[in-house]
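Heads up, the thing below is written out as structure tokens.
The values are calculated or read from the model by the stated rules, or taken from the named source; none is laboratory data. Remember, predicted model here, so these are calculated numbers, not experimental data. Note that each Cβ is placed from the backbone with ideal geometry, even for glycine, and that neighbours are counted across all protein chains shown.
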Amino acid sequence: MDTRPIGVFDSGIGGLTVVKEIMRILPYEDIVYFGDTARVPYGSKSQETITKFAKQNSRFLLSKDVKAIVIACNTASALALDELNSEFDVPIIGVIKPGANAAVRATKTGRIGIIGTEGTVNSRAYERAIRKLFKEVEIFSLPCPLFVPLVEEGWAEKEVSYMIAKDYLEPFKKFEIDTLVLGCTHYPILTNVIGKIMGEDVTLINPAEETAIELKSILFENGLQNTSKRKPEYTYYVSDNPDKFKKVGGNFLNREIENITKIDIEKF
């Protein structure tokens, strides 16, 4: 039994979609979450910058004695995962491989769409991961950079989100996909809007659940699981604006966020 916490980081609030699934699938595990709200969004930044941020985030989580790290950010998963795994000595997983697995299982026509930040789409990380599993697949990718700031502002249910989503996605429907990967952890917050535009014949893939399942498997394989069955502790850190994070993030998790602290991530 290992009672150390799981570390999770994201560019901001969106990674809480992954945390929510970890809480459900691993109900006795403590979690330390870091949202890099001072430097969000990551999607338009260079690989060098993303890797620098991801290393700082990981060093911070390791200072909290975490036993594993989840990169709850598609952009950082696409651009920095390999380097983090080579540098740090704890299990580190991203969200891209689990998302690809779920998409391949879901598709019936072999026509899969991917929406994400510019960094994730341009990396082609999802495309490579999916093609490893299904060589004959047809993949159509689309960056939707405005989705992240809409979610960070807590505007997921506002008319402006629907209008922007329609502008992005309406032309995308011509590709007749049957499966759409929400390739950014912020995007599941917009599930209702995206689903309304794409229609009921398109299955939306949220990689968060699959990521939590993979994490559970890794913990058990390495003897790192917490089997104490006590009430878990959830601790949150941000690099800016904790009040906003607390308000918007609490809506995502359907629970009040307590134990939130602002830190200077540049020290790491």
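Here are the numbers for this structure:
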read-out: Residues that are hydrophobic (A, V, I, L, M, F, W, C) and surrounded by 21 or more Cβ atoms within 10 Å (Cβ to Cβ), drawn from segment 157-169; value: A165
read-out: Filter result for D240 (crowded, with 16+ Cβ neighbours inside 10 Å and at pLDDT 95 or above); value: yes
read-out: Matching residues in segment 35-59 - criterion: being in contact with a helix residue (DSSP H, G or I) (Cβ under 6 Å, 6 or more places away or on another chain) and either in a helix (DSSP H, G or I) or surrounded by fewer than 16 Cβ atoms within 10 Å (Cβ to Cβ) (or both); value: S44, Q47, I50, T51, A54, Q56, S58
read-out: Pair list, Cβ under 9 Å, 6 or more apart: segment 89-108 residue of a type in the set (S, T, Y), other residue in a loop (DSSP other than H, G, I, E, B); value: T107/F134; T107/V137; T107/I177; T107/D178
read-out: Residues being surrounded by 21 or more Cβ atoms within 10 Å (Cβ to Cβ) and polar (S, T, N, Q) - total across segment 65-106; value: 3
read-out: Residues within segment 203-229 that are within 18 Å of K67 (Cα to Cα) and out of contact with any Lys or Arg (no Cβ under 6 Å at 6 or more places or on another chain), tallied; value: 18
read-out: When residues of segment 119-142 are limited to those that are assigned to a helix (DSSP H, G or I) and either outside the structural domain of Y168 (by TED's automatic domain parsing) or free of Cβ contacts under 8 Å to residues at least 24 places away in the same chain (or both), the one surrounded by the fewest Cβ atoms within 10 Å (Cβ to Cβ); value: R128
read-out: Count of segment 90-118 residues which are at pLDDT 95 or above and part of a loop (DSSP other than H, G, I, E, B); value: 8
read-out: Filtered residue count, segment 176-203, keeping only those that are in contact (Cβ under 8 Å) with a residue 12 or more places away in the chain and not in a helix (DSSP H, G or I); value: 15
read-out: Unique residue being in the same structural domain as K166 (by TED's automatic domain parsing) and crowded, with 24+ Cβ neighbours inside 10 Å when the list is G116, G110; value: G116
read-out: Count - residues of segment 169-197 that are aliphatic (A, V, I, L, M) and more than 22 Å from L16 (Cβ to Cβ); value: 3
read-out: G250 being outside the structural domain of R39 (by TED's automatic domain parsing), free of Cβ contacts under 8 Å to residues at least 12 places away in the same chain, of a type outside the set (A, V, I, L, M, F, W, C) and closer than 28 Å to I115 by Cα; value: no
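Conditions tested, residue by residue: (1) touching a Pro at 6+ places or on another chain (Cβ under 8 Å); (2) in the same structural domain as A72 (by TED's automatic domain parsing).
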| residue | (1), (2) |
| --- | --- |
| M1 | no, no |
| D10 | no, yes |
| I13 | no, yes |
| T17 | yes, yes |
| I22 | no, yes |
| Y28 | yes, yes |
| I31 | yes, yes |
| R39 | no, yes |
| G43 | yes, yes |
